[in-house]
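Worksheet for the structure shown next.
Quick note: the coordinates plus some simple rules give every number you see, no bench work behind them. Treat the numbers as computed from the prediction; the structure is a model and nothing was measured. Every residue, glycine as well, gets a Cβ built from its backbone with ideal geometry; the counts of neighbours run over all protein chains shown.
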Amino acid sequence: MWSVVKSVLAALLGVQSNQKREEDFSSGRPAAYLVTGVVITLLFVLLLIFLAIMAAR
């Protein structure tokens, strides 16, 4: 699972190599990458909302 999280974070930051991306797509578990990407994106949005609320105080 840690490799999926690292791969999703690298892809979100745009620093993932083409070789690693091809390895991810050939692993045969796209649902794990999809769910992890959605969860990380939601956590990021919630963090931004929290920071905006704290800054407004």
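Taken together, L13, L46, L51, L9 contain a single residue that is without any contact (Cβ under 8 Å) to a residue 60 or more places away in the chain, surrounded by 11 or more Cβ atoms within 10 Å (Cβ to Cβ) and not acidic (D, E), which is L9.
Selection over region 5-40 of residues that are of a type outside the set (V, I, T) and not in a helix (DSSP H, G or I) gives a count of 6.
Taken over region 7-26, the criterion of being closer than 17 Å to V39 by Cβ and not small (G, A, S) is satisfied by V8, L9, L12, L13, D24.
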